[in-house]
Amino acid sequence: MSFELLKKEIIDVGLCQGCGLCVGSCKHIEMEVLRPSLKDYCILERNGQECGKCYQSCPQVIQKKFIQKQPKAIYSLRSKNPEILAKAANGGVVTTLAKNLLDNQSLAEIIMVQDVDEKPQADIVTDPDEVIKKAGVVYGRSGVLEKLVKVVGETFEPIGIIGVPCEMRGAAELEEAMNRDILKIGLFCNSHMRTEQTDKGIVCSPCCSGCPSGVNAQGYISLIRQGQYQDAVDLIRESNPLPSICGRICTNECEHDCTLIGDDHPVAIRELKKFVTEWEIEQAKNVSKSKKKNKENAKKIAIIGSGPAGLTAGYFLAKMGYAPTIFEKSDQTGGMLRFGVPQFRLPNYVLDYDVTTIQNSGVEIVLNKPLGPEMTIEDLKNDEFEAIFIATGQYKPRTLHLEGEDLPNVHVAITFLMDRKYRFWENKEEFNGKTLSIIGGGPVAVDVAQTALRLGAEKVHLVDIMTEEQLELTLKEIPENEMKFMEYHFTTSTSQITQNKDDKLVLHCYKTEWGTPDDSGRRPLNKVENSDYEIPVDSIVIAVGQAVDFDQIDVATDNILEKERNKIKVNDVTFETDIPGVFAGGDIINNSKAVAIAAIAHGKEAAISIDRYIKGEDLIAGRYKQDKMFFTGPKKPPKDYSLKPETLERATEEIQWNFEEIDQIFNEDIALQEARRCLSCNHFCSHCQDFPAIYSDLTAGEVGSQKGYTTVVVWTDRGNNIVEAAINSGLFEEGEVNEEEINNAINLKSKRELLTFEKTPRQKVLDYITIQGPSTISDMAKQLNIEPKKVRYEALRLAQLMQIEMKVDPEMVEPIFTLICD
């Protein structure tokens with residue numbers, strides 16, 4: 001049971017949770033980039049010395065079947081300390097208890113995870129004030145058990161530990177082995193990243209939690225690592241039927257929460273998605289796929305618009321057994337993906353592949369069929385469509401209503417991009433030697449700039465009221481060598497457009513600054529005095545967004561569709577409008593995030609709602625609003641970004657002034673290398689059955705309490721005494737406990753299958769003797785297919801450990817090994 005076995009069965013397959021118990025157990029092991037590695041050598045492998053501590057002590061190896069255990073008590077508590085509530089999670093119970101136990105000297109030290117530079121880090125805490133200062137951390141790989149081993153070996157003072165269920169199991173094993181009394185405060189498994197997936201008992205990693213559509217990134221990266229490419233794409237499609245598209249243009253929010261940030265660059269999740277979907281596209285060239293036929297009696301669903309929201313809704317409804325029909329107003333599918341995104345970012349063959357896959361799943365697409373007077377909601381209902389999903393997107397260009405917007409060579413972004421993608425893109429010298437200015441600096445403005453450069457532009461000015469920091473996510477996507485031809489004017493606004501005597505356009509600009517908040521909390525945008533300046537250019541493009549064109553929609557819905565801020569108002573959970581049976585999603589709804597992956601999430605959720613609506617079920621039961629699907633304010637840039645290997649970085653940065661795809665694709669070697677960097681976070685929860693941390697003295701988490709309160713489940717008398725004393729001291733206010741919710745969470749996880757590992761040679765020898773009876777070394781070596789010297793070593797060790805006995809008969813060539821009989 002060497003470190004090599006631990007590496008093979010636990011670390012390399014993503015089952016290590018980074019607790020550090022193996023590191024604390026062996027001086028030859030150290031933590032390297034959040035996972036154990038050999039510092040020098042394993043004594044078993046080098047010297048043949050009996051050890052196996054690293055393997056035997058691992059909480060993932062010593063998993064135990066969940067046993068129902070009756071708690072001593074259950075509470076719903078909220079701290080009365082405002083400083084703790086401002087920093088800690090939920091009701092701040094764990095932080096309050098930890099501080100109190102150190103304050104009254106019930107404990108001398110607590111091993112807990114603290115917030116160090118916005119990342120979880122295990123620490124030995126002795127100062128009560130430190131508990132509050134570094135509270136509020138999201139739990140992750142921290143090495144708490146490594147610290148516990150250190151403390152147990154150094155002091156006999158009363159100690160405690162705070163951790164998740166698997167860490168509590170490891171602490172309990174250590175407590176028994178070291179004959180120490182350790183206070184164990186557990187945390188509900190996954191409670192810090194609660195999502196619909198975790199409520200269903202499905203493992204959800206930080207990258208999965210960050211994805212608006214909940215794609216299981218760690219799952220498909222694990223499959224890539226194993227060379228199971230088709231399985232990887234299939235897993236992506238379980239949550240996102242447009243994987244090839246997202247491999248190109250996704251905002252990759254999944255990477256922003258990668259556990260590696262702070263210790264290494266995040267895993268290049270989007271690039272791996274691109275690699276594996278491109279692999280599937282290549283494989284499909286040699287295979288013809290037929291379209292799935294819907295059942296004759298399948299209920300019909302109408303979907304308006306073939307953008308990402310409409311395509312997604314159609315795909316999932318077809319999988320549910322419905323007959324969805326997408327009505328598209330134009331002559332091509334894809335919506336803004338087709339007309340607004342340049343080919344050098346999203347090649348047509350990629351979009352066509354995903355659309356064809358969706359059509360083959362049973363989705364009908366009708367082109368040149370707009371919603372309006374010729375096809376109303378009432379007409380669709382009369383045609384026996386049971387439900388309708390509106391996802392027409394935003395095509396009406398916004399402007400700033402500036403003086404001079406009607407001058408020649410002043411364009412709006414959406415028209416500019418559509419024209420040059422499908423009408424005039426062959427005019428490679430349209431802007432040869434010319435200068436452009438773009439009002440706006442976001443992703444669409446960058447698409448315009450890159451398109452203009454490919455059509456000969458010499459320089460492009462981008463004017464935006466945002467700061468460089470606020471636009472960091474957009475700027476990061478621009479190849480460095482293209483950025484040389486772009487000049488950003490940050491914190492700058494425009495007042496008018498004029499034409500000078502040389503017939504050049506002049507963009508009149510001025511610097512801006514944010515003022516002090518008014519009574520409503522809004523900060524006005526003020527002009528900086530004497531900051532006016534001019535930018536003379538040949539063309540100007542206004543890229544400040546699009547709006548919904550309601551002219552045709554209002555006619556089709558008889559003007560009864562409720563709106564909010566000139567968008568369709570929907571229920572944030574069900575996506576249903578005020579018209580029964582009519583749903584909406586994508587850019588057309590209020591607070592839309594206006595990115596493809598959010599629209600995909602809307603389509604998926606709308607499909608669930610439509611299914612429930614047709615079945616007459618409660619649309620909202622068991623569901624809740626998922627903020628990651630909506631715009632909740634400017635996205636804070638991550639602390640680090642994924643990197644391409646240097647060879648790909650150079651290939652991407654080489655300027656090719658054409659409309660071929662900018663970014664290169666990982667080859668297989670690079671993809672596997674990148675996939676191996678993934679820690680497979682929370683994969684170790686896939687088989688664990690212990691949601692409530694039954695090996696602890698008490699457990700805390702949000703499940704079973706109203707928002708702002710913490711549920712506390714007490715398992716031991718010691719734990720109960722601690723909680724009761726804290727309540728009696730006035731540290732908490734009590735709330736209502738929902739025991740049914742707690743029991744549901746416990747039952748969901750307790751039904752998972754425990755992990756099974758390949759048996760060690762020693763276990764194989766012991767099992768063989770147990771089942772087959774007295775045996776010789778040569779017999780066991782032959783039957784078990786293990787070399788004789790290895791069988792001899794393991795058999796002799798089992799005899800030394802008094803698990804078997806060796807009998808020597810002078811008449812026998814070999815000794816016989818048998819079980820010890822009492």
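The values are calculated or read from the model by the stated rules, or taken from the named source; none is laboratory data. Predicted, not measured: the structure shown is a model, and the values here were computed from it. Backbone-built Cβ (ideal geometry, glycine too); neighbour counts: all protein chains shown. These accessible areas exclude ligands, DNA and RNA; they are computed on the full protein's heavy atoms, side chains included. Shrake-Rupley method; radii C 1.70, N 1.55, O 1.52, S 1.80 Å.
Go through (1) under 20 Å from Gly585 (Cα atoms); (2) open to solvent by 90 Å² or more (accessible area, probe 1.4 Å); (3) in contact with a Leu (Cβ under 8 Å, 6 or more places away or on another chain); (4) of a type outside the set (A, V, I, L, M, F, W, C) and name the single condition Asp354 misses. Unmet for Asp354, out of (1) under 20 Å from Gly585 (Cα atoms); (2) open to solvent by 90 Å² or more (accessible area, probe 1.4 Å); (3) in contact with a Leu (Cβ under 8 Å, 6 or more places away or on another chain); (4) of a type outside the set (A, V, I, L, M, F, W, C): (2).
Here's the yes/no breakdown for (1) among the charged types (D, E, K, R); (2) free of Cβ contacts under 8 Å to residues at least 24 places away in the same chain:
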position: Gly262; (1), (2): no, no
position: Ala268; (1), (2): no, no
position: Trp279; (1), (2): no, no
position: Glu282; (1), (2): yes, yes
position: Val287; (1), (2): no, yes
position: Ser290; (1), (2): no, no
position: Glu296; (1), (2): yes, yes
position: Ile303; (1), (2): no, no
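Among the residues of region 391-412, is any among the aliphatic types (A, V, I, L, M), touching a residue at least 24 places away in the same chain (Cβ under 8 Å), within 17 Å of Ile438 (Cβ to Cβ) and open to solvent by 50 Å² or more (accessible area, probe 1.4 Å)? Reasoning before the result, please.
Residues of region 391-412 that are among the aliphatic types (A, V, I, L, M), as a first pass: 391, 400, 402, 407, 410, 412.
Restricting the remaining residues to those that are touching a residue at least 24 places away in the same chain (Cβ under 8 Å) gives 391, 400, 402, 407, 410, 412.
Narrowing further to those that are within 17 Å of Ile438 (Cβ to Cβ): 400, 402, 407, 410, 412.
If we keep only those that are open to solvent by 50 Å² or more (accessible area, probe 1.4 Å) as well, we get 400.
Yes - at least one qualifying residue is present in region 391-412.
Considering region 179-195, the residues that are open to solvent by 30 Å² or more (accessible area, probe 1.4 Å) and at pLDDT below 85 include one that is farthest from Thr95 (Cα to Cα), namely Arg194. Within region 2-11, the set of residues being open to solvent by 60 Å² or more (accessible area, probe 1.4 Å) and without any contact (Cβ under 8 Å) to a residue 40 or more places away in the chain comprises Lys7, Lys8.
Tell me the residue from Lys295, Lys299 that is of a type in the set (D, E, K, R), touching a strand residue (DSSP E or B) at 6+ places or on another chain (Cβ under 7 Å) and open to solvent by 10 Å² or more (accessible area, probe 1.4 Å), please. Lay out the reasoning, then the answer.
Working: Lys295 fails: touching a strand residue (DSSP E or B) at 6+ places or on another chain (Cβ under 7 Å).
Being of a type in the set (D, E, K, R), touching a strand residue (DSSP E or B) at 6+ places or on another chain (Cβ under 7 Å) and open to solvent by 10 Å² or more (accessible area, probe 1.4 Å) holds for just one of Lys295, Lys299, which is Lys299.
Out of region 335-385, which residues are modelled with pLDDT of 95 or more, aromatic (Phe, Trp, Tyr) and in contact with a helix residue (DSSP H, G or I) (Cβ under 7 Å, 6 or more places away or on another chain)? Within region 335-385, Tyr353 is the sole residue that qualifies.
Which residues, counting only those in region 590-636, are open to solvent by 30 Å² or more (accessible area, probe 1.4 Å) and closer than 22 Å to Pro266 by Cβ? If the condition is that a residue be open to solvent by 30 Å² or more (accessible area, probe 1.4 Å) and closer than 22 Å to Pro266 by Cβ, then Lys593, Val595, Asp627, Lys628, Thr632, Pro634, Lys635, Lys636 are the ones that fit. For region 86-100, the criterion of being aliphatic (A, V, I, L, M), surrounded by fewer than 20 Cβ atoms within 10 Å (Cβ to Cβ) and in a helix (DSSP H, G or I) is met by at least one residue.
Across region 551-569, which residue is nearest to the chain's Cα centre (by Cα) among those that are acidic (Asp, Glu) and in a loop (DSSP other than H, G, I, E, B)? Give the steps one after another, and end with the answer.
In the first step, residues of region 551-569 are kept if they are acidic (Asp, Glu); the result is 551, 554, 558, 562, 564.
Keeping just the survivors that are in a loop (DSSP other than H, G, I, E, B) gives 558, 562.
Numbers: Asp558: 41, Glu562: 33 Å.
Looking at residues that are acidic (Asp, Glu) and in a loop (DSSP other than H, G, I, E, B), I get Glu562.
Can you tell me which residue among Lys69, Lys53, Lys64 is in contact with an Asp or Glu (Cβ under 9 Å, 6 or more places away or on another chain), open to solvent by 40 Å² or more (accessible area, probe 1.4 Å) and either of a type outside the set (S, T, N, Q) or under 28 Å from Asp263 (Cβ atoms) (or both)? Lay out the reasoning, then the answer.
On the way: Lys69 fails: in contact with an Asp or Glu (Cβ under 9 Å, 6 or more places away or on another chain); Lys53 fails: in contact with an Asp or Glu (Cβ under 9 Å, 6 or more places away or on another chain).
None of the other options fit; the residue is Lys64.
Just one of (1) part of a helix (DSSP H, G or I); (2) of a type outside the set (Gly, Ala, Ser); (3) modelled with pLDDT of 85 or more; (4) over 23 Å from the mean Cα position of the chain (by Cα) fails for Thr652. It is (3). Inclusion of Ile769 among residues that are within 30 Å of Tyr793 (Cα to Cα), in contact (Cβ under 8 Å) with a residue 24 or more places away in the chain, of a type outside the set (Asp, Glu) and surrounded by 14 or more Cβ atoms within 10 Å (Cβ to Cβ) is warranted.
The residues of region 357-371 that are of a type in the set (A, V, I, L, M, F, W, C) and surrounded by 16 or more Cβ atoms within 10 Å (Cβ to Cβ), listed by number, are Ile358, Val363, Ile365, Leu371.
Where helices (runs of 4 or more DSSP H) sit wholly within region 299-390, those with at least 2 residues that are at negative phi and among the small types (Gly, Ala, Ser) occupy 308-319.
Okay, residues lined up against (1) modelled with pLDDT under 95; (2) not in a loop (DSSP other than H, G, I, E, B):
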{"site": "Thr498", "(1), (2)": "no, yes"}
{"site": "Lys501", "(1), (2)": "yes, no"}
{"site": "Val506", "(1), (2)": "no, yes"}
{"site": "Thr512", "(1), (2)": "no, yes"}
{"site": "Asp518", "(1), (2)": "yes, no"}
{"site": "Gly521", "(1), (2)": "yes, no"}
{"site": "Ser531", "(1), (2)": "no, no"}
{"site": "Glu534", "(1), (2)": "no, yes"}
{"site": "Asp549", "(1), (2)": "yes, no"}
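Considering only residues that are out of contact with any helix residue (DSSP H, G or I) (no Cβ under 9 Å at 6 or more places or on another chain) and over 18 Å from Val714 (Cβ atoms), look in region 86-118 and name the one that is modelled with the highest pLDDT. Break it down stepwise before answering.
Going residue by residue through region 86-118, those that are out of contact with any helix residue (DSSP H, G or I) (no Cβ under 9 Å at 6 or more places or on another chain) are 86, 94, 105, 116-118.
Next, from what is left, pick out any that are over 18 Å from Val714 (Cβ atoms): 86, 105, 116-118.
Values: Ala86: 90, Gln105: 93, Val116: 77, Asp117: 75, Glu118: 72.
Across region 86-118, the extreme among qualifying residues is Gln105.
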